[in-house]
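See below for the structure under consideration.
Just so it is clear, none of the values below were taken in a lab; they were calculated from the coordinates. Model, not experiment: these values are computed from the prediction. Here the Cβ is made from the backbone with ideal geometry for all residues, glycine too, and neighbour counts use every protein chain on show.
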Amino acid sequence: MKTFTTAKEAYNDKKNKYIGSITFVGPFPSKVEKASRKKILICDPATGPRCVDRIVTNLAHNAFRRPVTRAEVASYLKFVGMAKAHGQSTEQGIQLALEAMLVSPDFLFRIERDQDPVDPGKVHRLSDVELATRLSYFLWSSMPDEELLNLAETNKLHQTAILDAQVKRMMTDKKAAAFADNFAGQWLEVRNLDSITPDPVKFPEWTSELKEDLRTETRMFFQYALSGNRPISEMINARYTFLNESLAKFYGIEGVKGPDFRKVDLTTDQRGGILTQGAVLAVSSYPNRTSPTIRGKYVLSNVLGTPPPPPPPDVPALDVSKVGSDISLRKQLEAHRSNPVCASCHSKMDVLGFGLENYNAIGKWRTMDGKFPVDVGGTMPNGKSFETAAQMRTVLEGNSMPQITRCLTEKVMTYALGRGMQPYDNRTLSQITKTVEADGLHFQTLIYEVVHSLPFQSRRGELVTERKDKTFVKTKEIASK
């Protein structure tokens with residue numbers, strides 16, 4: 001690239017090419033009516049007030065995800081009259097009414113009305129319309145469609161057979177990809193891919209293209225597990241994944257050609273399940289190196305459901321300057337664990353993290369860490385030993401599935417309800433876990449059981465107390481039921 005010493009040289013059109021100006025022309029009238037316009041203008045506003053009423057009623061019904069009253073429709077028709085009084089067209093008035101709907105709390109919030117909002121002892125079932133919205137945002141991250149809303153408004157949705165038919169339909173709909181994106185992104189923390197910055201000197205292979213490939217692999221893997229009703233155990237040790245040519249090369253897998261992702265059977269034990277996917281491995285590493293402690297904590301928290309307590313204050317940091325050259329990371333962490341205060345937690349975390357040390361900080365397979373061979377062997381707290389990363393996954397699959405299933409159940413329930421689990425949820429979580437295990441750990445069984453559960457189909461009040469300053473605050477409720 002040629003450099004110019006002065007601005008005059010840089011802007012000399014005989015020596016350099018540069019953008020002198022940008023001109024925008026348009027927008028031009030479309031010869032074909034847009035689909036979005038057809039959805040809004042369900043009849044011709046020019047035909048009179050009856051059509052305008054239909055349009056506003058339909059807009060409010062869809063925006064608020066429930067039936068609307070005549071009084072509500074009348075309040076938005078006023079905006080149409082207001083626009084016309086100022087010389088605007090009927091269509092512009094409908095636009096103004098729509099703008100008003102889009103700033104309404106009924107649009108911006110998912111409102112579920114409590115019959116006894118300050119009494120946590122009173123539990124009541126959601127209305128069918130509220131259930132439709134809760135179900136739709138759970139599986140689609142969006143509003144109910146016409147079929148779901150029609151069933152809710154005719155009070156049929158709560159019937160078990162009809163509800164199950166809708167869940168089945170929704171899980172196989174393309175909009176269920178939002179569940180894979182949002183739930184898997186939250187549970188596995190792969191949404192953090194956008195915020196991590198691996199060291200470009202140590203990891204020059206890390207590019208925006210690789211990041212998106214890793215994200216796509218995890219999303220498609222999870223979506224396949226849901227739509228195909230795969231067993232939850234495949235989350236730990238599946239013998240397949242989803243790859244395109246570039247990601248396959250990064251993983252060292254041959255025979256995958258082209259930019260399109262497809263299901264690929266794994267022929268070696270280097271990969272298998274979510275713990276060996278690059279997206280998971282990258283978000284559980286430091287920018288410049290792996291961390292068995294972080295990865296071990298990740299497995300405990302997100303897979304086994306037993307997060308360790310916070311570290312004690314004033315824990316000295318590892319001297320990473322010598323790792324890989326003068327001492328192996330394993331040896332240095334072993335010295336760190338000689339402190340009894342640290343050892344109690346690190347003995348549980350580090351064994352899991354070292355089981356993933358064959359993968360570098362961006363998820364690429366390795367057998368050496370600097371000049372030291374990678375040592376992944378260890379013994380679990382339950383006494384089960386392993387020598388390789390594949391053996392560790394087998395130990396988890398064979399001995400920890402009840403724990404893993406319970407953890408996943410809690411994560412799905414938290415996502416579905418939009419709140420953390422409380423002691424009074426334990427009975428429901430235990431029952432769902434038992435049902436899923438008895439049915440062969442199938443993924444869709446977990447979804448059905450969550451939808452059938454009392455917490456999903458019900459609401460309860462929240463305990464509040466009045467302070468001296470006349471404000472109200474929520475009081476943490478301690479319950480064991």
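Tabulated values for the structure
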item: Percent RCO, i.e. relative contact order, over the chain, from Cα pairs under 8 Å lying at least 6 residues apart; result: 14
item: Sequence of 232, 294 once ranked by neighbouring C-beta atoms within 10 Å, starting from the fewest; result: 294, 232
item: Order by protection proxy (mean Cβ within 10 Å, highest first), peptides 367-378, 264-275; result: 264-275, 367-378
item: Share antiparallel - DSSP beta bridges, the chain, percent rounded to 5; result: 95
item: Whether segment 173-270 is rounded, prolate or oblate, judged on the alpha carbon gyration tensor where a/c under 1.5 counts as rounded; result: oblate
item: Against the rule of thumb 2.2 N^0.38 Å, how large the Cα Rg of segment 35-108 comes out; result: 1.01
item: Residue order, fewest to most beta carbons within 10 Å, for 76, 224, 359; result: 224, 76, 359
item: Under Karplus coefficients 6.51, -1.76 and 1.60, residue-wise ³J(HN,Hα) of segment 365-370 in Hz, glycine/proline x; result: 5, 8, 10, 10, 10, x
item: Given 168/263; 175/434; 34/263, the pairs whose alpha carbons are separated by over 32 Å; result: 34/263
item: Given charges at Cβ of Lys, Arg, Asp, Glu: the chain dipole, positive-most of 218, 104, 349; result: 104
item: Mean separation of Cα contacts under 8 Å (6+ apart) over length of segment 35-108, as relative contact order %; result: 28
item: Magnitude of the charge dipole, the chain, Cβ model with Lys/Arg +1 and Asp/Glu -1, debye to 20; result: 700
item: Per-residue ³J(HN,Hα) for segment 213-226, Karplus 6.51 cos²θ - 1.76 cosθ + 1.60, θ = phi - 60°, Hz, x for Gly and Pro; result: 4, 5, 4, 5, 4, 5, 4, 5, 4, 5, 5, 5, 4, 6
item: 209, 72 arranged by Cβ crowding within 10 Å, fewest neighbours leading; result: 209, 72
item: Between segment 369-430 and segment 175-201, the Cα center-to-center distance that results, in Å; result: 19
item: √(5λ) per eigenvalue of the Cα gyration tensor, the chain, largest first, Å; result: 47, 36, 23
item: Segment 24-84 - charge dipole about Cα centre, Lys and Arg +1 at Cβ, Asp and Glu -1, debye rounded to 20; result: 120
item: Gain in span if fully extended, residue 173 to residue 75, counting 0.36 nm per residue against the direct Cα distance; result: 31.7 nm
item: Helix-derived mean residue ellipticity, 222 nm - over the chain, DSSP H n ≥ 4, -39500 (n - 2.57), to 500; result: -14000 deg cm²/dmol
item: Karplus-derived 3J(HN,Hα), 6.51/-1.76/1.60, for each residue of segment 135-142, Hz, glycine and proline x; result: 5, 5, 6, 5, 8, 10, 6, 7
item: Selected from 162, 200, 429, residue furthest toward positive end of dipole (the chain; charges at beta carbon); result: 200
